[in-house]
Amino acid sequence: TGQILWEKIIAMPEGSSDVERMADIDANPIISDGVVYVAAYQHNVSAMSLQTGEIVWKKDTISAFKNMAVDSKALFVVDDNSDILAIDKNAGNILWEQKDFHNRRLTSPAVVADKALVFGDYQGYVSWISLEDGRSLARTKPSSDSICVEPIVDGNQVYVLTSDGSLTAYQVE
């Protein structure tokens, strides 16, 4: 019928200047196991019931504008400083934080084969980290140009597009 079932305000503008009051939502919401996960620039990552819109948990200390990724246990967020966080999907606790890529202008992350998180950066590197603890697993550089878009995952294959138009495919074992 097109009737509104529920509606929630995700980010409230605050501050004295226009920049401080910016409450921007650029990341796509994710739906997993009956929960909607949303991220906003200016400190808000939240989980809400898909049925009722009620807040399950909220982290108002994390600011993000990239798309997130999810697996069976965690929500993976690249914050506005390019630090990566794994957040427990159900409770909202931070499971681990990876700061080795600080200020590297990371792409959105993608989950590969329930084993790794993969993402690119502005110097053309593709990095792979463990889903369990965020430790580095591998790093490659398919191009000297930046990687600006999220890697695409198809089964055990990962496709990475660089800003010079090169497409690289990886096989995950």
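The values are calculated or read from the model by the stated rules, or taken from the named source; none is laboratory data. Computed from a predicted model, the values in this text were never measured in an experiment. Ideal geometry is used to build each Cβ from the backbone, glycine not excepted, and the neighbour counts take in all protein chains shown. The accessibility values were calculated without ligands, DNA or RNA, using every heavy atom of the protein model including side chains. Shrake-Rupley method; radii C 1.70, N 1.55, O 1.52, S 1.80 Å.
A few remarks follow.
- Dipole size of the chain about its Cα centre, with +1 on Lys/Arg Cβ and -1 on Asp/Glu Cβ: approximately 200 debye, rounded to the nearest 20.
- Candidates Pro151, Gly2, Leu131 compared by Cα position along the dipole of the chain: farthest toward the positive end lies Leu131, with charges placed on Cβ.
- Under 29 Å, Cα to Cα: Lys pairs in the chain, sequence gap 8 or more or different chains: 26
- Exposure here means at most 13 other Cβ atoms within 10 Å; with trypsin sites (Lys or Arg not before Pro) in a DSSP loop as sites, the longest stretch of the chain lacking them is 22-98.
- Nearest-0.05 FRET efficiency for Thr140 and Ser49, computed from C-beta distance (R0 41 Å): 0.55
- When a 1.4 Å probe is rolled over the protein heavy atoms, the share of accessible surface on the range 67-120 that falls to carbon and sulfur comes to 38 percent.
- Here mean projected area of the Cα convex hull in nm² was calculated from the structure, and among (i) 10.1; (ii) 11.5; (iii) 10.7 it sits at label (ii).
- The gain in end-to-end length when the Ile94 to Ile31 segment is fully stretched comes to 20.8 nm, 0.36 nm per residue minus the alpha carbon separation.
- Residue-normalised accessible area of the chain, expressed per residue, 1.4 Å probe, Å²: 54
- Segment Asn103-Ile9, extension gain: residue separation times 0.36 nm, minus the distance between their alpha carbons: 30.9 nm
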